[in-house]
1. Let a ≥ b ≥ c be the square roots of the eigenvalues of the Cα gyration tensor of the stretch 78-217; is it rounded (a/c under 1.5), or, if not, prolate (a/b larger than b/c) or oblate?
2. What FRET efficiency comes out for the pair ARG308/ARG130, r = Cβ-Cβ distance, R0 = 25 Å, nearest 0.05?
3. Could you work out how far apart the two model spin labels at GLU243 and THR164 are, taking each label as a point 7 Å from the Cα in the direction of the beta carbon, and quote it in nm?
4. Where the Cα atoms of the stretch 211-277 are projected onto their three principal axes, how long is each span, largest first, in whole Å?
5. Going 7 Å from the Cα of ALA366 along its beta-carbon direction, which residues of the stretch 309-344 have the amide nitrogen within less than 12 Å of the resulting point?
6. Simple spin-label model, 7 Å along Cα-to-Cβ: ARG94 to GLU380 in nm?
7. Please report, in debye to the nearest 20, how large the charge dipole of the stretch 200-385 is about its Cα centre when each Lys and Arg carries +1 at its beta carbon and each Asp and Glu carries -1 there.
8. Report the paramagnetic label zone for ALA267: residues of the stretch 105-134 whose backbone N is under 15 Å from a point 7 Å from Cα along the Cα-to-Cβ axis.
Amino acid sequence: MTKAPVHHNGQPVRAPAVGIYRCGPQRRRASAAFVLVLPVAVSLWLLNVQHSGIRPDERVVLFPTFGHLASDDATWVVEIHGWIFEPETDSAVRAAGLKGLRHLLGLDKTDAQSALFTERALAFLVDNERGKRITAHLAGRDFAAGVSEPNGHFRGIARVPIDTAERLASGDGWLSIEAAPNGGSPHGFTGKVQLISRAGLSVISDIDDTIRISHVLDRKALMKSTFLREFEAVPGMAELYQEWAANGARFHYVSGSPWQFYEPLAAFLSSAGYPAGTFHLRNLRLKDLSAVELLASPGKAKQMAIERILQTFPRREFILVGDSGEQDPEIYGAMAAQHTEQVARIVIRDVTGEPADRERYRQAFAAVPPERWMIFERAEQIGAVTP
């Protein structure tokens, strides 16, 4: 409860300009000491942030991002996004964390003893490092990659001369990037960035139940397919995406899955034969975790990620690929209505058994010409939209 202000002779007592209330000598001395110590504490904190490097017990994951041409046509603007954390090595803490996560997910004790569960669950039990100033080594130069946030994520921008970037990029436009402590030698944490031209074809693809069989509509099956089983590809989708990639398409994988699943998802896409692409997942910390939140697919975050990609590349055409399990038809329909010149096709994998003439689809695609969207069950049905 807030105390009423103290009055003197019916008038409110005003605090001095420095913000210290009238009090006895002892309190005034303590307050003065606090005023003197505070700048020193802040300076020490800033010094720690500015000079904090990557310790040997810490890991850095660099997510695949994209670069776009600046308006001067002479510079690539490259996005840097990574995650710094300390893996949990204390056996007692690990065991307690794994047990708590198992209960949260409603998994059997026997199932949760598998090595696969441990591997995927531990990503949620790491100690995220905040206040770390990260340096990225890219195209022969060091760039500031930002200061890590409470969830351990950091972001930065690098501007690379076009001749340097294109000389060092691979045939499909990928540049290598490394994380280094305070501009020192590279620390062994590597990633990649794709240079994407202004014009061309891009594919924005969902992951769960679009290219990976996840069983999103069955919570128990979803938990098992995510934590207890090897990821399974939707038949024919990798081959279709490879055909599009061979014709010059670039890929953005946009999903409601948490960033903690990035490494197993990236390994899955590679082993299943999907083209490499940028990743756009969801921020989620263990303190915010619930069985519902963990595997939910928040539409707003997904829509914002897609909107940002479309705005970054206004001259490119896009194919949006998703499924009927959650909100993809509604999100993609809204995107197509706002970006009529950019969204060339929408293809939705049917996992709910709803025919294309259902009211849901009529509403979602009311502003989309009929020839620009389709519902499919098998990948081979999508041949008509091959670029």
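Please treat every number below as a calculation from the coordinates, not as lab data. All values reported here derive from a predicted model rather than from experimental measurement. Glycine gets a Cβ as well: all are built from the backbone with ideal geometry, and neighbour counts include every protein chain shown.
1. Taking the square roots of the gyration eigenvalues as a ≥ b ≥ c, the stretch 78-217 is oblate.
2. On the way: r = 24 Å, r/R0 = 0.97.
Taking R0 as 25 Å, the efficiency between ARG308 and ARG130 is 0.55.
3. With each label placed 7 Å out from Cα toward Cβ, I get 4.1 nm.
4. 39, 24, 19
5. Flagged as within label range: 334.
6. 4.7
7. Working: 21 positive and 25 negative charges, 111 e Å.
With only Lys, Arg, Asp and Glu charged at Cβ, the dipole is about 540 debye.
8. 114-124
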